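To keep things clear, I will list the structure first and then write my remarks on it.
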Amino acid sequence: MTKEYPSIFGHNNDNQSRFLAEPMTDAKRRFCDEMDVLVFRDGARIVGVMMGHPVDWSTYYWRTIALLPEMQERRIATRVLELTDAPLRAAGVARLEGECLPGNLRMVKMLTGQGYLVTSTVASERFGVLLRLTKFLVPEARAVFDRQFSSMSFVNPQPSRRLS
Ligand SMILES: CC(C)(COP(=O)(O)OP(=O)(O)OC[C@H]1O[C@@H](n2cnc3c(N)ncnc32)[C@H](O)[C@@H]1OP(=O)(O)O)[C@@H](O)C(=O)NCCC(=O)NCCS
C-alpha cells in the first residue's frame, strides 16, 4: 500500500493527495492488523489487496480494494466479490457497504452490477465526496429498504405509467 497506493490513487502529477493525508502510524497499523486482508498474488508477486471489517454486528464494510494497473479490467475484483458474499452471509452479515468516488465508473459499475444500491453520499476531509453503496445479503433487509426508499414501479413498470 505504501509503495503503490500513491500512484494508483494519486490525483495530480506529483501524486500529492488533495485531501488530508494520513501516513502509516502505529494506530493505523493496529487497525489494519484487525481487518480481514485479502491479498491477490501473481506467483510470488503481490498485485492487489482488498480489506474489510465489521462496522457493527450485522454490517460489514469493504474499506479498500486496489489492483496494480496492469491487473485492472480483467474482472478479478468482480469475481472475488462474487465469492465473498456467501461466507459473510454465513457469518451473520446482513448488509455490505463500500464507498467510492462518483466518477470512479469502474467501481460504481462493478458494485451496482453486484447488486449494491447507492444509499448515501459522504463528504470528508480525507477522501472528498464519496458515494456509499450497500448490498443487502438477507431478503428481509432488502425488502424493508425497497419498501421505504425504492417504492417506484421501475422494476415492473405498468405500461400505462411509462412515459412515451
Ligand atoms: C476498481 C477496481 C478494484 C475494479 O477491479 P477490476 O478487476 O479492474 O474490475 P473488473 O474488471 O471486474 O470490472 C468491473 C466493471 O467495470 C467495468 N469497467 C472496466 N473498465 C471500465 C472503465 N474504464 N469505465 C467504465 N467501466 C469499466 C467492467 O466492464 C465491469 O463491469 P461489467 O461487470 O458490467 O462488465 C480496480 O480497477 C482498481 O484497483 N482500480 C484502482 C483503485 C480503485 O479505484 N479502487 C476502488 C476505490 S473505491
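Odds and ends about this structure:
- Meeting the requirement of 2 or more residues that are among the charged types (D, E, K, R), surrounded by 10 or more Cβ atoms within 10 Å (Cβ to Cβ) and in contact with a Pro (Cβ under 7 Å, 6 or more places away or on another chain), no strands (runs of 3 or more DSSP E) wholly within region 1-96 can be named.
- For the criterion of being of a type in the set (Lys, Arg) and modelled with pLDDT under 95, Arg18 passes.
- Qualifying residue in region 108-124 (condition: under 24 Å from Lys28 (Cα atoms), within 13 Å of the ligand (Cβ to nearest atom) and among the aliphatic types (A, V, I, L, M)): yes
- The set of residues from region 112-154 being under 27 Å from Glu22 (Cβ atoms) and either small (Gly, Ala, Ser) or part of a loop (DSSP other than H, G, I, E, B) (or both) comprises Tyr116, Ser120, Ala123, Ser124, Glu125, Arg126, Phe127, Gly128.
- Close Cβ contacts (under 7 Å, 6 or more residues apart or on different chains) running from residues in region 102-130 that are surrounded by 15 or more Cβ atoms within 10 Å (Cβ to Cβ) to residues that are in a helix (DSSP H, G or I) and among the β-branched types (Val, Ile, Thr) comprise Met110/Thr78.
- Reported count of residues in region 97-107, each being touching a helix residue (DSSP H, G or I) at 6+ places or on another chain (Cβ under 9 Å), assigned to a loop (DSSP other than H, G, I, E, B) and within 10 Å of the ligand (Cβ to nearest atom), is 1.
- Single match in Phe127, Phe40 (criterion: under 20 Å from Pro6 (Cα atoms) and at pLDDT below 95): Phe127
- Scanning region 74-96 for residues that are within 11 Å of the ligand (Cβ to nearest atom) and either among the charged types (D, E, K, R) or free of Cβ contacts under 8 Å to residues at least 24 places away in the same chain (or both) turns up Arg74, Arg75, Arg79, Glu82.
The values are calculated or read from the model by the stated rules, or taken from the named source; none is laboratory data. Please read all numbers here as calculations on a predicted model, not as lab measurements. So basically every Cβ, Gly included, is an ideal-geometry build from the backbone, and we count neighbours across all protein chains shown.
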